[in-house]
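S.K.: Please read through the structure below; I'll follow up with questions.
The values are calculated or read from the model by the stated rules, or taken from the named source; none is laboratory data. What you are looking at is a predicted structure, and each value in this text was computed from that prediction instead of being measured. So basically every Cβ, Gly included, is an ideal-geometry build from the backbone, and we count neighbours across all protein chains shown.
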Amino acid sequence: MPKIGNLEHYSPYESSRLYSSDNTLLSEFYVERRTFVSHKSIPLHVKNALIAVEDLRFYKHHGIDFMRIASALLTNIKRGSIIQGGSTITQQLAKMIFLKPEKTITRKIQEIVISFHIENKYKKEEILGLYFNQAYFGARAYGIEAAAQAYGGKAVKHISISEAALLAALPKAPSKYSPFKNPKKAENRRNFALKRMLVTGFINQNEYNKALTDPIPTTFHGRKYKFPYFVDYCKSVLEKRYGDRLYTSGLKIYTTVDDRMQRVAEEAVKNGLNALKERNVENLQAALFSIALKDGHIKAIVGGTNFWDSQFNRVTQAKRQPGSAFKPFVYLTALDQGYDYNDTIDDEKSIYKLSGPDNIWIPHNYDNVYRGSVTLKTALALSLNAATVDLAKKIDIKNVIGTASRLGIKSTIYPFYSSALGASEMTLMEMVCAYAAFSHGFRVAPVCITKIADKEQFTIIEPSGLKERVISERSVEKIKEMLNAVVTNGTGWKAKELKRKVYGKTGTTNDHADALFIGFDDDVVTGVWVGMDNRKPIGEKETGASAALPIWIEYMREVAK
């Protein structure tokens with residue numbers, strides 16, 4: 001015989017829930033969709049519906065209803081088959097928790113003995129609570145709270161008499177009486193439960209008449225899944241830390257994503273791609289990533305145009321060439337070596353000898369115009385390729401790689417001069433987090449979780465926001481001035497329409513397969529990428545300034561309101 005006292009420590013699998021920074025439920029993670037609720041929070045009409053259907057003498061018997069067993073036996077003998085069962089709610093609870101679903105005399109005796117022990121140890125309301133939290137209601141819903149959500153999209157405390165009657169009728173045969181599979185059978189079973197509630201005095205005639213007119217649910221309320229790219233990223237982070245516990249332990253997980261900012265991000269991406277379609281540029285993907293500068297809290301992730309078509313996250317998983325968006329790392333390295341942004345470098349057509357069959361390389365400016373001696377500030381603002389490579393040669397490309405690594409770039413950057421122009425591939429997430437350091441000098445790691453509490457409401461993790469300085473104050477001041485010049489006098493001039501001080505850099509690859517803009521104001525840093533998954537050119541005139549920057553501007557304008 002099992003130990004009945006184990007019920008005091010009984011902990012069925014319970015869904016974990018993921019919330020936005022403003023406590024909006026984003027998603028649930030579960031093996032069995034279940035959310036524990038106290039018996040005190042289950043409405044009386046819900047309890048009465050179950051009692052009316054399953055065990056009318058629940059409050060009068062002591063675990064075994066001998067009168068009901070005798071009545072069922074008599075009915076079954078008359079019909080010549082098993083029509084009625086005699087199990088009480090307590091017996092059903094004993095079967096669900098302690099026993100295997102085998103039909104033997106030994107198991108039936110165990111069930112009776114266990115039921116007596118349960119009744120001796122626990123109050124009737126506690127037994128009801130255990131039953132409601134353990135029972136399977138179909139639609140992958142375990143427990144009354146999950147069932148209320150699955151069938152009605154609401155908490156159990158808000159369900160109507162009609163809904164309570166339907167849920168009470170389901171555990172006997174969840175698939176047979178499913179309103180989604182057999183709506184007529186479900187309605188008949190619901191109406192049977194309502195009739196039982198009426199004749200037992202649990203509801204009056206008016207309540208009964210009204211409940212009969214309520215429609216049977218037709219829509220399954222599945223797992224909550226707002227902002228799927230963000231949810232999927234959080235899940236990957238949480239699985240590494242908690243493993244299977246994520247799906248069984250009823251954790252409450254509070255995240256960094258801002259509900260309004262995420263919606264703005266999704267709308268900005270949609271509008272930007274629609275504008276490109278009007279220019280006959282189709283089959284594009286786009287990604288947007290935005291974090292708070294002060295702590296790296298992720299405020300918005302758009303990993304593609306439609307998560308349900310493609311779960312590939314182009315923020316965290318896609319490695320693409322950043323193009324000229326990488327150039328600030330070159331200029332920051334020069335500043336760290338003592339250069340000033342008013343110092344000059346050569347913007348001249350130059351030939352670089354390489355190893356291999358293609359043994360020469362000529363970095364061309366986008367407009368094929370070379371301006372001679374230019375300041376570092378002008379070279380970055382106008383995104384001059386020849387001048388940038390000249391600077392990389394002076395300061396040593398290996399030092400540039402070291403700078404990028406120090407700021408958080410983990411992807412491999414090859415020690416070739418073409419890397420100074422963004423030829424080495426990396427993720428948008430890496431780039432955006434590194435740009436955060438340009439704003440204040442501290443390395444920032446992306447944070448998606450702020451707090452995790454277990455089902456007893458004990459906080460089990462609350463990540464810190466500690467940061468490490470990786471850029472000197474002097475270099476921060478200088479690189480910000482240069483990145484602002486990109487907006488005021490350079491390739492990012494469209495961003496002037498925001499009418500506030502912003503900083504950033506465009507990026508376009510040689511074959512126009514990638515278009516980027518990454519930039520920040522005083523609060524957030526945001527990166528936008530536009531391109532095709534098959535790496536085909538977007539279009540000859542589609543650059544970071546024309547394809548990605550408009551999305552960035554719309555997002556930054558709306559989130560500032």
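S.K.: Take Thr403 and decide whether it is more than 17 Å from Pro322 (Cα to Cα), among the polar types (S, T, N, Q), modelled with pLDDT of 95 or more and in a helix (DSSP H, G or I). Even if it seems obvious, please write down each step before you answer.
M.R.: Values: more than 17 Å from Pro322 (Cα to Cα): no; among the polar types (S, T, N, Q): yes; modelled with pLDDT of 95 or more: yes; in a helix (DSSP H, G or I): yes.
For Thr403, the condition - more than 17 Å from Pro322 (Cα to Cα), among the polar types (S, T, N, Q), modelled with pLDDT of 95 or more and in a helix (DSSP H, G or I) - is not met.
S.K.: Search segment 25-57 for residues being within 30 Å of Asn204 (Cβ to Cβ) and among the β-branched types (Val, Ile, Thr), and hand back the single one that is surrounded by the fewest Cβ atoms within 10 Å (Cβ to Cβ).
M.R.: By that ranking, first place goes to Val37.
S.K.: I'd like to know if segment 348-366 contains one or more residues that are in contact (Cβ under 8 Å) with a residue 12 or more places away in the chain, over 26 Å from Glu473 (Cα atoms), surrounded by fewer than 20 Cβ atoms within 10 Å (Cβ to Cβ) and touching a Leu at 6+ places or on another chain (Cβ under 8 Å).
M.R.: yes
S.K.: Residue check: is Glu468 exposed (fewer than 14 other Cβ atoms within 10 Å of the Cβ), over 26 Å from Leu18 (Cα atoms) and modelled with pLDDT of 95 or more?
M.R.: When the stated conditions are applied, Glu468 does not pass them.
S.K.: If you don't mind, there's one more thing I want to ask. Being surrounded by fewer than 17 Cβ atoms within 10 Å (Cβ to Cβ), closer than 19 Å to Arg33 by Cβ, hydrophobic (A, V, I, L, M, F, W, C) and in contact (Cβ under 8 Å) with a residue 24 or more places away in the chain is true for just one of Phe180, Phe137, Phe132. Which residue is that?
M.R.: Phe180
S.K.: Can you tell me which residue among Asp347, Asp309, Asp336 is of a type in the set (D, E, K, R) and in contact with a Lys or Arg (Cβ under 6 Å, 6 or more places away or on another chain)?
M.R.: Asp347
S.K.: Here's a follow-up. Inside segment 460-561, counting only strands (runs of 3 or more DSSP E) that do not spill past its ends, which hold 3 or more residues that are more than 21 Å from Ala379 (Cβ to Cβ) and basic (Lys, Arg)? If you could, list the steps in order and put the result at the bottom.
M.R.: Details: elements: 503-508, 514-520, 524-531.
Output list is empty.
S.K.: Here's something else I'd like to know. Go through Gly296, Gly272, Gly304, Gly201 for me and flag whichever is among the small types (Gly, Ala, Ser), farther than 29 Å from Arg34 by Cβ and free of Cβ contacts under 8 Å to residues at least 12 places away in the same chain.
M.R.: On the way: Gly296 fails: free of Cβ contacts under 8 Å to residues at least 12 places away in the same chain; Gly272 fails: free of Cβ contacts under 8 Å to residues at least 12 places away in the same chain; Gly304 fails: free of Cβ contacts under 8 Å to residues at least 12 places away in the same chain.
Residue meeting the stated conditions: Gly201.
S.K.: Could I ask something else about it? If you go through segment 199-211 one residue at a time, how many are under 18 Å from Ile159 (Cα atoms) and among the aliphatic types (A, V, I, L, M)? Explain how you work it out, then say what you get.
M.R.: Looking only at segment 199-211, we keep the residues that are under 18 Å from Ile159 (Cα atoms), and these are 202-204, 206-211.
Imposing the further condition that a residue be among the aliphatic types (A, V, I, L, M) reduces the set to 203, 211.
The number of residues fulfilling the criteria is 2.
Residue-by-condition table, conditions (1) within 22 Å of Asn23 (Cα to Cα); (2) aliphatic (A, V, I, L, M); (3) in contact (Cβ under 8 Å) with a residue 24 or more places away in the chain; (4) in contact with a helix residue (DSSP H, G or I) (Cβ under 8 Å, 6 or more places away or on another chain):
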residue: Tyr247; (1), (2), (3), (4): yes, no, yes, no
residue: Gly250; (1), (2), (3), (4): yes, no, yes, no
residue: Gln262; (1), (2), (3), (4): yes, no, yes, yes
residue: Lys277; (1), (2), (3), (4): no, no, no, no
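S.K.: I need every pair where a residue in segment 392-410 that is over 13 Å from Asp336 (Cα atoms) has its Cβ under 6 Å from the Cβ of a residue that is among the acidic types (Asp, Glu) and surrounded by 15 or more Cβ atoms within 10 Å (Cβ to Cβ), sequence separation at least 6 or different chains.
M.R.: Qualifying pairs under 6 Å: Ile409/Glu430.
S.K.: Residues that are β-branched (Val, Ile, Thr), at least 3 per element: which helices (runs of 4 or more DSSP H) completely within segment 93-210 meet that?
M.R.: Passing ranges, in order: 105-121.
S.K.: Output the qualifying pairs, or none if there are none: Cβ atoms under 6 angstrom, residues six or more apart or on different chains, first residue in segment 412-437 and assigned to a loop (DSSP other than H, G, I, E, B) and among the hydrophobic types (A, V, I, L, M, F, W, C), second residue surrounded by fewer than 24 Cβ atoms within 10 Å (Cβ to Cβ) and at pLDDT 95 or above.
M.R.: What qualifies is Ile413/Ile401; Ile413/Ser419; Ile413/Ser424.
S.K.: Same structure, new question: Before we move on, is Val525 within 18 Å of Ile301 (Cα to Cα), crowded, with 23+ Cβ neighbours inside 10 Å and modelled with pLDDT of 95 or more?
M.R.: Numbers: within 18 Å of Ile301 (Cα to Cα): yes; crowded, with 23+ Cβ neighbours inside 10 Å: yes; modelled with pLDDT of 95 or more: yes.
Criteria met by Val525.
S.K.: Also, quick follow-up: Take the residues in segment 380-391 that are hydrophobic (A, V, I, L, M, F, W, C) and within 40 Å of the chain's Cα centre (by Cα); name whichever of them is surrounded by the fewest Cβ atoms within 10 Å (Cβ to Cβ).
M.R.: Pass one, segment 380-391, residues hydrophobic (A, V, I, L, M, F, W, C): 380-382, 384, 386-387, 389, 391.
Of the ones still in play, those that are also within 40 Å of the chain's Cα centre (by Cα) are 380-382, 384.
Values: Leu380: 27, Ala381: 24, Leu382: 21, Leu384: 26.
Taking the candidates together, the pick is Leu382.
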